[in-house]
Amino acid sequence: MKNLFQFRLLLSYTVLLLLLFSLSSCSKEDVKANFIDPRLHKSVINTGFTDNIIEVQSDKWFVAYVKDGQSGELLTDKDGQVIRIDEPRTVQLKEGWLELEKTLDNNLRMSLGENFSSDPREFFIGLQFENQNQEMHFVQTRGKYYELLEAEVSEIEGSRKIYVSEEGCSTILFTNNTNEETKIDLSGVFKDVKSTSELLSDDYGAFDWITKPDSIVSLGNIIIDGKVVWSEGVPFKEGKSTRDYKNIHSTNLEPYGKILVKGEMKYLERSSEFTVTIKNVSSGNLFKVKGIWNQKVPLAPHITFE
């Protein structure tokens, strides 16, 4: 009887060990099968995002690759190296629209720039744990439209220059061949005077969010001695854009008279740093674009009669 009891006790203990081993094995298999959220196996989005934390249910994982979803090409970082992250560090894609970081607490931080193209952006991020690979698949489309919320402009100290020049000005001889005093239009003296705006930025998609390249935006005023001397909008596009100087000048010319008119213009040049905050109206995602704004603005004409 005693031997039978001992046999049953040993059998129960053996079954318990087998059950615990089975549960442990299942738990490990579950981790292997689901060390990232299954919802990330394919995500269709129309927005960018910043500093999203993706929890990885594993201690020993790494980013094995990032690849283009259409061509299968392995994408590279700013240094031209194929992306692979084995230890805590940050990597940015060469084109600038994706940033990945393996964090110190062993998660994946991800920032994704907007897709400003009319074509969907498709890419895969491959994570590896032991001998198993899992992919996050993203299909990203352009937001419906974007809105400029705020513009901050800071003039670069020492960049402002004010001077008088004949640039864009003409010398014109006017005659009056009638026996009556005549009003003559002098706007031709300044017909080639222009204001210039140049926007420069190395930020990803800096000028791609705007639907129309020549859309006019307000980036602030020019103030001299507390007075606003310029307050026009400028096209938000890369490089230089110009606008004709608006002038209405005239004088009276006596009968059968002639007059030689010479023009000069007072110009202001300056360089500023700008930061604009833009909103993806579809998703609410906010992003900033920073750059340099160079200006040349006609301030005041000067006319000489001879």
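What follows is calculated from the coordinates using simple rules that are stated; it is not laboratory data. Note that the structure is predicted; figures quoted are calculated from it, not measured. All Cβ positions, even for glycine, are placed from backbone atoms using ideal geometry, and neighbour counts span all protein chains on display.
Rg and Dmax over the alpha-carbon atoms of region 195-278 stand at 18.6, 63 Å.
Residues whose amide H comes within less than 5 Å of that of LYS42, counting only those at least five positions distant or on another chain, are HIS137 (H built at 1.01 Å from N in the peptide plane).
Calculate the dipole size of the chain relative to its Cα centre from +1 charges on Lys and Arg beta carbons and -1 charges on Asp and Glu beta carbons; express the result in debye to the nearest 20. Write down the numbers at each step before the final one.
Details: 36 positive and 46 negative charges, 178 e Å.
Dipole size: approximately 860 debye.
Only Cα sites of region 146-305 enter the Debye sum here, all with the same form factor; the resulting log10 I(q)/I(0) across q = 0.13, 0.21 1/Å is -0.71, -1.29, listed in q order.
For the ranges 288-295, 248-255, what's the packing order if you count other beta-carbon atoms within 10 Å of each residue, average per peptide, and put the highest first?
Numbers: 288-295: 17.6, 248-255: 12.1.
Ranked from most to least packed, the peptides come out as 288-295, 248-255.
Count Lys and Arg as plus one, Asp and Glu as minus one, and take only other residues whose Cβ is under 10 Å from that of SER170; the net charge is then 0. For region 80-157 and region 184-253, what is the centre-to-centre distance using only Cα atoms, to the nearest Å? Cα centres, region 80-157 to region 184-253: 36 Å.
Along the positive direction of the dipole of the chain (beta-carbon charges: Lys, Arg +1; Asp, Glu -1; about the Cα centre), which of SER187, GLY143, VAL229 reaches farthest? Going by the charge dipole, the pick is GLY143. The long axis of helix 2-33 is offset from the longest Cα principal axis of the chain by roughly 20 degrees. Listed options for mean projected area of the Cα convex hull in nm² are [x] 20.1; [y] 24.4; [z] 26.4. The value calculated from this structure is the one marked [z]. Here is the list for region 213-246: trypsin sites (Lys or Arg not before Pro) lying in DSSP coil, each with at most 12 other C-beta atoms within 10 angstrom of its C-beta, are LYS246. Among the listed pairs LYS161/LYS191; LYS102/LYS290; LYS246/LYS288; LYS240/LYS262, those whose Cα-Cα separation exceeds 25 Å are LYS102/LYS290; LYS246/LYS288; LYS240/LYS262.
Please report the net charge: other residues with Cβ closer than 12 Å to the Cβ of ASN52, K and R +1, D and E -1. That sum, taken over residues with Cβ under 12 Å, equals -4. Only beta bridges with both residues in the chain are counted; by DSSP, about 95 percent of them are antiparallel.
Here, region 35-140 is characterised by an Rg to Rh ratio of 0.93, where Rg is the alpha-carbon radius of gyration and Rh the Kirkwood radius.
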